Amino acid sequence: MSKGDNRLKILYVLDELKKNSQMKSETRSDRFLSASYLISVLIDKYGLNADRKSVYNYIESLIKYGYDIEKSRRGYYLREHYHSEDENGFELAELKMIVDALSASRFISAAKTKSIINKLKVLAESNGEHLMSRQVYYEQAIKSDNSSVIYSIDAIYTAMLEDKKITFKYQKTVLDYDVSLGRLVAVNKTAENHEDKIYSQSPYALVWKNEYYYVICYDAQTDAPKTFRVDRMKDVAVDEHQNREGGRFFEEMSITEYANTAFSMYGGETINILLRVKTSLAGVIADRFGKNVTIYHDEDSEFFRCSVSVQKSPQFYSWLSGFGSDIELIYPKSIRNDYMKYIDNILQSYRSHEAMLKFS
């Protein structure tokens, strides 16, 4: 038996797993192929000697390569279901996951979500209807009414690849009272009511954060990064006549670090602060600032101190106040005083309106 035949063994094992994944099984245990079965196939069907150790090694190699193989005492099962000869096609489980993500995404409009799901149904063949009746529960998404957001993203990517600027109008969401409906409705209006104001920016990164897409640009007027929420951008276009500015600026900054320090992607002055945190909230700090946070000892064993970088903004103060006394801003003193003033202004507002309110 030649070495060439030896090299074919792992391919034959993979071929058997693929064929088996296409077959319907009466029970869960029926779908697994045992090592003994795979050995017999190699011997009887292909005339190749094999042993258990070889089969184990083939399976491990296939898993390392990226095949989703389920292992059990009964044997092996390839979870990837090939519905056609195209091995790069989607599995039904993968399509269902995409549908869930689309349904929960705020930046994609309801109409565009339905349109994309209908297209995915074609890929699911006979199981297409299952995509429309998912049993996954998630926080009800407040969907954007901007149906062109995916085309805006495409234009931004094109501009970055071609080193060009983008032009667009920017909107803000306001609440208006709809007389015909008898309720408040969210309406997107161009920023500051300047209907004809056209923004010209140099895009450098798209960031997915807090269920929205944001584009980080270089703003030549302020010589600083500026962040825009993509679903609020209107009429996004590549400016073929203007090259991007600020290349050197972005070479020296970390996009990831910038995004991690921005709360709700509202930019502000980046500062280093010292926090006093209850030990039970260590996971919160790791999720918010990453795992490479410098930790310091605190005299109280139920707390620790940590040094982090944030962008000073009302959104950061809002996040901080949500933890009450479990997270305390220690340093710098000026930021601590500013935060205390933020809290005091809220209390003052409550006190000033208390006399006007009548409680039973």
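Things worth noting here:
Every residue, every condition in (1) modelled with pLDDT of 90 or more; (2) over 38 Å from the mean Cα position of the chain (by Cα); (3) under 13 Å from Tyr76 (Cα atoms); (4) not in a helix (DSSP H, G or I), yes or no:
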site: Lys18; (1), (2), (3), (4): no, no, yes, no
site: Ser21; (1), (2), (3), (4): no, no, yes, no
site: Lys24; (1), (2), (3), (4): no, no, no, yes
site: Thr27; (1), (2), (3), (4): no, no, no, yes
site: Ser36; (1), (2), (3), (4): yes, yes, yes, no
site: Ser40; (1), (2), (3), (4): yes, yes, no, no
site: Tyr46; (1), (2), (3), (4): no, yes, no, yes
site: Asn49; (1), (2), (3), (4): no, yes, no, yes
site: Tyr56; (1), (2), (3), (4): yes, no, yes, no
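- Reported count of residues in the stretch 97-120, each being at pLDDT below 75, part of a helix (DSSP H, G or I) and in contact with a helix residue (DSSP H, G or I) (Cβ under 8 Å, 6 or more places away or on another chain), is 1.
- Qualifying residue in the stretch 274-293 (condition: closer than 30 Å to Val215 by Cα and at pLDDT 90 or above): yes
- Out of Glu85, Glu139, Glu94, one residue alone is of a type in the set (D, E, K, R), farther than 18 Å from Lys19 by Cα and either over 25 Å from the mean Cα position of the chain (by Cα) or at pLDDT below 60 (or both). It is Glu139.
- For beta carbons closer than 8 Å, sequence separation of 6+ or different chains, a first residue in the stretch 235-253 that is outside the structural domain of Thr158 (by TED's automatic domain parsing) and of a type outside the set (A, V, I, L, M, F, W, C) and a second that is outside any strand (DSSP E or B) and modelled with pLDDT under 90, there are no qualifying pairs.
- Qualifying positions in the stretch 58-82 - touching an Asp or Glu at 6+ places or on another chain (Cβ under 6 Å) and either assigned to a helix (DSSP H, G or I) or at pLDDT below 85 (or both): Asp68, Arg79, Glu80, His81
- Across the stretch 289-308, the number of residues qualifying as surrounded by 14 or more Cβ atoms within 10 Å (Cβ to Cβ) and touching a residue at least 24 places away in the same chain (Cβ under 8 Å) comes to 7.
The values are calculated or read from the model by the stated rules, or taken from the named source; none is laboratory data. Computed from a predicted structure; not experimentally measured. Neighbour counts are summed over all protein chains in view; Cβ atoms, including those assigned to glycine, are modelled from backbone coordinates with ideal geometry.
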